[in-house]
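The structure appears right after this line, and notes come after that.
The values are calculated or read from the model by the stated rules, or taken from the named source; none is laboratory data. Everything quoted here is computed from the prediction, not taken from an experiment. Methodologically, a virtual Cβ is constructed for each residue, glycine included, from the backbone with ideal geometry; neighbour enumeration extends over all protein chains shown. Please note that ligands, DNA and RNA were not included when accessible areas were found on the heavy atoms of the full protein model with its side chains. Shrake-Rupley method; radii C 1.70, N 1.55, O 1.52, S 1.80 Å.
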Amino acid sequence: MPDVTAPANDTAAPQAAAKVDRSHKGEAMPAYAFQDGAGKAVTLADFRGKPALVNLWATWCAPCVHEMPTLDALAAREKASLHVLTVSQDMEPAKVQPFLTERKLTNLIAYRDPDLQFSTGMGVSLPTTILYDAAGKEVWRVTGGMDWAGAEAAKLIGEARG
């Protein structure tokens, strides 16, 4: 099993995702409430207006940990045109901000879903990443780790702008 306590300078990017699932295309984003970095309740509807890439992850999930630096790079590069929301499914939400801080993932906000509404309500495993268009409709979802800073991800994300 991969070491989930790998140092922050681990630069190996995850491989391309095995599967892009378009079976939920056009479905409205869920209305689940979750917490922003300050503990304030938010919903995905708060991010309408530009596409949103929602990554469901946890600090204990090795593939999740491995892809976080690529999500941070994507968030830095696309901040004007894409919301990158990493929503932790950790049962101990207090671990999320220290995790991001230790790894210098400065472009990601410590969104937390302490009730695990996303993973249980949507019946997904971790990591799962879902792209919503600017109107809040699902474009696709990917299960498993992916290099979110790479060319394949850029092409997929472009589908929300079409």
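Some observations on this one:
- Taken one residue at a time, the phi angles of region 82-97 give Karplus couplings (6.51, -1.76, 1.60, θ = phi - 60°) of 8, 7, 10, 10, 9, 9, 5, 9, 5, 7, 10, x, 5, 7, 5, 4 Hz. Gly and Pro are set to x.
- Compactness of region 12-162, taken as the C-alpha radius of gyration over 2.2 N^0.38 Å, stands at 0.93.
- Residue among Val84, Val139, Tyr32 farthest towards the positive dipole end of the chain, charges placed on Cβ: Val139
- Computed in the context of the full set of protein chains, the accessible area of region 90-162 at 1.4 Å probe radius has 54% of its extent on carbon or sulfur.
- Taken about its Cα centre, the chain carries a charge dipole of roughly 440 debye when the Cβ of each Lys and Arg holds +1 and the Cβ of each Asp and Glu holds -1.
- Cβ-derived FRET efficiency at R0 35 Å, His24 paired with Gln97, nearest 0.05: 0.70
- Among Met29, Met146, Met122, residue whose mean-square fluctuation peaks in a GNM of the chain (springs only between Cα atoms under 10 Å): Met122
- Helical content alone sets the calculated 222 nm signal of the chain at -7000 deg cm²/dmol, taking -39,500 (n - 2.57) per DSSP H segment of four or more residues and averaging over every residue.
- Vicinal HN-Hα couplings computed from phi for region 45-59 (Karplus, 6.51 cos²θ - 1.76 cosθ + 1.60; Hz; Gly/Pro x): 4, 5, 10, 4, x, 8, x, 10, 9, 9, 10, 9, 8, 8, 5
- Trypsin sites (Lys or Arg not before Pro) lying in DSSP loop within region 64-154, provided at most 15 other Cβ fall within 10 Å: Lys79, Lys104
- Among Asp113, Asp147, Asp46: highest mean-square fluctuation, GNM of the chain, C-alpha pairs under 10 Å: Asp46
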